[in-house]
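Remarks on the structure that follows.
Derivation of every value follows stated rules applied to the coordinates shown; laboratory data play no part. Keep in mind that what you see is a predicted model, and the values were worked out from it rather than measured. When we count neighbours, we look across all protein chains shown, and the Cβ atoms used for this are built from the backbone with ideal geometry, even at glycine.
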Amino acid sequence: MTTVRFLGIGEPQPKRSIRLPLKLVSYMQATPLTLILAAFLLLPLLMIVTVSFWDYDFAQMYPDFVTFNYTETLGSWVTWKTYLNTLKFAFLVWVITLFIGFWVAYFLAFHIRTAAMQMVLFLVCTVPFLTSNIIRMISWIPVLGRNGLINSGLVNSGLVSQPVEWLLYSDFAVVLAMVHLYTLFMVTPIFNTLMRIDKSLVEAARDAGASSLQVLTNVILPLAKPGMAIGTIFVVTLVMADFSTVQVMSGGQSASVALMMKNQMSLLQYPAAAANAVVLLVLVLLMVAGILRIVDIRKEL
């Protein structure tokens with residue numbers, strides 16, 4: 001016997017599910033992140049681009065549409081020299097950090113057997129980076145100074161008769177401090193990539209008669225390219241935007257684009273600084289785009 005149930009007047013009606021189109025659901029899920037990126041990334045960039053076309057004097061800015069901020073930036077040989085100096089710092093720091101970072105990550109990934117010890121040693125590498133960048137940078141001054149530890153050791157040992165002048169307040173000091181500050185940003189992505197390499201590939205190459213150098217060049221290095229590319233992006237962008245290290249470690253004898261923008265802002269030349277920021281952003285984006293064309297990093301993201 002089939003029982004038929006009638007709903008009374010006071011009884012709740014059954015709920016009907018509303019099925020939204022899948023495309024609309026996807027847009028709704030992406031809306032919060034889109035709003036955050038628009039508010040904290042796109043809007044500030046748009047404001048910088050807008051201000052770069054404004055006029056200014058010694059006291060204030062004037063909303064306008066002028067192009068002399070870019071003509072002064074791109075038409076001055078001093079600016080070009082500053083950009084070349086910044087690229088020199090970026091290249092030297094990138095080469096050194098890539099060399100150090102790869103071998104540190106390689107040692108942790110392939111010569112340390114237990115995962116627990118790998119994590120312990122990796123955390124030991126991060127300990128110096130728990131302090132402020134300014135403190136770690138200034139700590140090199142008593143080491144590299146005229147009466148510092150290195151010069152005192154060289155003079156006392158008789159290797160030199162006078163203290164070496166170029167150790168501090170020079171391009172050497174700037175590069176050394178930047179390498180100290182940014183090496184971890186190269187170690188971390190390379191170590192993450194090397195840990196994902198299947199160890200059976202290395203064993204198969206050795207069983208096939210490959211030497212250690214052949215395993216490194218034909219197996220490990222090609223598979224480590226995504227991590228090296230990510231580390232390169234981190235290091236290059238950080239060096240290009242660094243002004244405090246250049247100012248302190250060069251003693252005001254060297255310049256970078258970020259330091260030039262900082263000086264312009266201290267003189268209330270905000271539109272000129274904004275124009276330099278736009279040019280620097282375009283340059284960095286072109287460098288990142290070139291890296292992404294060479295190496296596919298999507299598998300690491």
Would you kindly state how much longer the chain becomes between LYS81 and MET195 on full extension, computed as 0.36 nm times their sequence separation minus their alpha carbon distance, in nm to one decimal? 36.9 nm
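Any idea what the dipole of the chain comes to, in debye rounded to 20, about its Cα centre with Lys/Arg Cβ at +1 and Asp/Glu Cβ at -1?
My answer is approximately 1120 debye.
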Among LEU285, TYR106, ALA204, which residue has its Cα positioned farthest towards the positive end of the charge dipole of the chain, with +1 placed on the Cβ of Lys and Arg, -1 on the Cβ of Asp and Glu, and the dipole taken about the Cα centre? ALA204
Ratio Rg/Rh, restricted to the range 147-301 and using Cα atoms, in which Rh is the Kirkwood radius: 1.13
Rounded tilt (10° steps) of 257-266 against the dominant C-alpha axis of the chain: 90 degrees
Radius of gyration and Dmax for the range 151-197's Cα atoms, expressed in Å? 17.5, 52
Compute the acute angle (0 to 90°) between the alpha-carbon long axis of helix 171-182 and the principal axis of greatest extent of the alpha-carbon atoms of the chain; round to the nearest 10°. 30 degrees
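If you keep only loop residues by DSSP, which trypsin sites (Lys or Arg not before Pro) in the range 194-301 have at most 15 other Cβ atoms within 10 Å of their Cβ? Kindly include the intermediate steps, with their values, before the conclusion.
Working: sites: ARG196, LYS199, ARG206, LYS262, ARG293, ARG298, LYS299; in loops: ARG196.
The qualifying sites are ARG196.
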Students often get this wrong, so check it: of LYS88/LYS262; LYS199/LYS225; LYS23/LYS225, which have C-alpha atoms separated by over 27 Å? LYS23/LYS225
Report, to one decimal in Å, the Kirkwood hydrodynamic radius for the chain based on all distinct Cα pairs. 24.0 Å
